[in-house]
Each structure stands twice: as C-alpha cells, then as structure tokens.
C-alpha cells in the first residue's frame, strides 16, 4: 500500500504543472523522512532516478526540494544506489550542462555529508576520487568545474581521508600541480585539499610534499602570488599534521623569517602569511620550535609597530618646502587612501605570533615585561 502511494507521488513529480511537481516533491520528502519508509530494489531505482531528474527541474524551488530529498534518501537505499547516484552526479558535474553544474555539486556535497557507514564511504572514495582527480587535472575543463571538484574532494578527504589506503601519491601530485595555477581560487582550494589529505599521508610522502613546496619557495624568479601560495601551503601543512611537521622546521623557519624581513613594502600579504605560518609552528610543534623562539620573538616585536606609512619629522619646513609638500599631497591623494592600507594585517599577525611564542615558551613573558619597562622609561 505504501509503495502504491510512493508510485503515485513519483508520477506527479514528473508532471507538467510546476505546482504539482513542487507539492509531490514535498510529499516525497515527508515520506523519506519517516522511520517507517522502506522500499524494494525496483522502487529504490525509481525514487533515485526521479530525484536525480528533479535536480534539473527548471523551477528552482522544485530542484531545491529535490536536493533536500537526498539527505534522507541516502540513508534509506542500498549501497549500490548511493554509488550509482554519486557517479551520475559526478558525470553531470564534469560533462553536463553549465546550468546544472551548481545543483550537481550541491547534491554531491549533500550525499557526502550524510554518509556514515564505513563500507559506503570506502566505495565512494574508490569511485569518486579518480573522477575528481580527472576534473582537477584536465586542461579542457573550466576554472569553475575545477573549483567545484576541489570543493567536493576537500569534503571527501575531510570526512573519509583516514580511510584512504592507496592513490595518495597520484592525488598528491595532482593537487600540488594546482599550486602553480594562474587562478587564485584554484590555488586556494588546492591548499585546503592538500591539508585535508596530509593528515593521512605517510611520513615519507609528507616529507616529499614539504620538500617540493620548499624547493618552489627557494626558486628564484617565482611570481609573488605563487610565493604567497606556497607559504600558505607550508602553514596549512603544520596546522594539519601537528608535531609531525617538526623535522621540517630547520628548513622552513629561517626561510619564512627571511621572507618576512625582506618583503617589499607593498607586499604586506607575504609578511602576514609568513607570520601566520610561524604562529602555526609555535602552536603545533612547541618542542622543535624552541631553538627559534628568541629570533621569532624579536621579529614579532618589530612588526607589532609596523607601519610603513608613518613618518615622524619634527623639523620645521620652509615656506617653499611646505608648498612642495602640499603639491605632492594633492598628487598622492589621487593615488592612495587609508582604505588601501593593509599593514594592520601584519600587526595583527605579529600579535598572534607573539601570543604563540608566550604559549610555547612562558618564560618569554619576563623578557617582554623588561622590554616594555625599558620602552616606557625611554618614552
């Protein structure tokens, strides 16, 4: 009797009237949410196919309800059905029409977020990962598709990365290659993916990945935006793997300090990212970082008051000099405003890094106290 009711709902869901489709999809969502819902293999196929069809409905409210149907559906159907739906959605994402890509991406993320059974998660990993790698690595696909693939892969790795036992090297190579992408969005999402993957990497693969990023940082002539990306990647590694990053500090800490000190005045982000990475080292590897704490302390104290736009000229100017200054100010007013000043980000990063120094080495607090007293006395 219940199956007849479901079949009736499925028929209305494919009707021509938008309102009927909406109400029928809402009815199906209610049925799927009931604990008593059960379906045989034939009905599972019908329900799954109809919901996938509704994802492409021209009416946004109907397709939105269809997405909501996926959450209870994946818990009520067999593993084969879940796998079939994910493969079809992934195919739509990679090869489907542009207008259906966003819905397919949301639907895949919904399925991934609802899977709890280890057996299903393993099958999803085995099925989705190669397709997503293809989407990330393919030169013929748009930036939007790559970003969607990276988003979904990040979700998959975040939830099930600890279950992955193979394909680490292939996946790592594919993701590391994207750190050199011309698209900032691709580089940013690749960092998140690599960080999610790194916690499940072996020590050897983690070391190899770190060495590769460090070599890119040492390479002369690298574009500034790629240098910033690689520094962010170093920080993301340490945040993801914790104390396991300790053996790599001897190579990364001096390099980050050098980047921070030698960065140009217009490259505040490079200083900010370097300080953020050092903060991560201090919090995640407190024992291994101890030998560098004094040097990092001096660096953070210097950049706490960092302001490249501040000038302190107490000498009196002549009338001619005042006139020249006014003319220069008028010219510069058209080129620069306080809204463009992001040096505060450097000071904020320095303050957080200083706090991390104190957390890592509490005895440093007495040194700071003495420095503050001397500064106040001299002032």
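Read-outs: derived from the displayed coordinates by stated rules, not from any lab. Keep in mind that what you see is a predicted model, and the values were worked out from it rather than measured. Cβ: placed from backbone, ideal geometry, glycine included. Neighbour counts: every protein chain shown.
Miscellaneous remarks
- Here the sum of -39500 (n - 2.57) over DSSP H runs of 4 or more residues, divided by the residues of the chain, equals -24000 deg cm²/dmol at 222 nm, to the nearest 500.
- Contact order relative to length of segment 210-308, as percent, for alpha carbon pairs under 8 angstrom and 6 or more apart: 30 percent
- FRET efficiency for residue 87 and residue 188, using Cβ-Cβ distance with R0 set to 35 Å, rounded to 0.05: 0.80
- Among 124-133, 255-264, the order from most to least packed when residues are scored by Cβ within 10 Å on average: 124-133, 255-264
- Neighbour-count order for 118, 210, fewest beta carbons within 10 angstrom listed first: 118, 210
- Selected from 200, 366, 290 as most flexible by GNM, with the chain as the system and alpha-carbon contacts under 10 Å: 366
- FRET efficiency, 1/(1 + (r/R0)^6) with R0 25 Å, evaluated for residue 302 and residue 266 via beta carbons: 0.85
- Here the Kirkwood formula puts the hydrodynamic radius of segment 143-233 at 13.4 Å, using every distinct Cα pair.
- Computed from Cα atoms, the angle from the helix 319-333 axis to the main principal axis of the chain rounds to 10 degrees.
- Between 0 and 90°, nearest 10: helix 343-360 axis offset from the chain longest Cα axis: 90 degrees
- Using the Cβ-Cβ distance between residue 7 and residue 139 with R0 set to 51 Å, the FRET efficiency from 1/(1 + (r/R0)^6) comes to roughly 0.65.
- Relative contact order (%) - segment 121-220, alpha-carbon pairs under 8 angstrom, separation at least six: 28 percent
- Diffusion constant of the chain at 20 °C, which comes from Stokes-Einstein with the Kirkwood Cα-pair radius and 1.002 mPa s, µm²/s: 87 µm²/s
- Proxy reagent accessibility, fewest Cβ within 10 Å first, across 158, 248: 158, 248
- 245, 160 arranged by Cβ crowding within 10 Å, fewest neighbours leading: 160, 245
- Length gained when the stretch residue 46-residue 341 is fully extended (0.36 nm per residue, less Cα-Cα span): 100.4 nm
- Contact order relative to length of the chain, as percent, for alpha carbon pairs under 8 angstrom and 6 or more apart: 9 percent
- Pairwise label distance in nanometres, residue 35 with residue 97, each label 7 Å out on the Cα-Cβ vector: 4.2 nm
- In degrees, nearest ten, helix 203-218 long axis to first principal axis of the chain (Cα): 50 degrees
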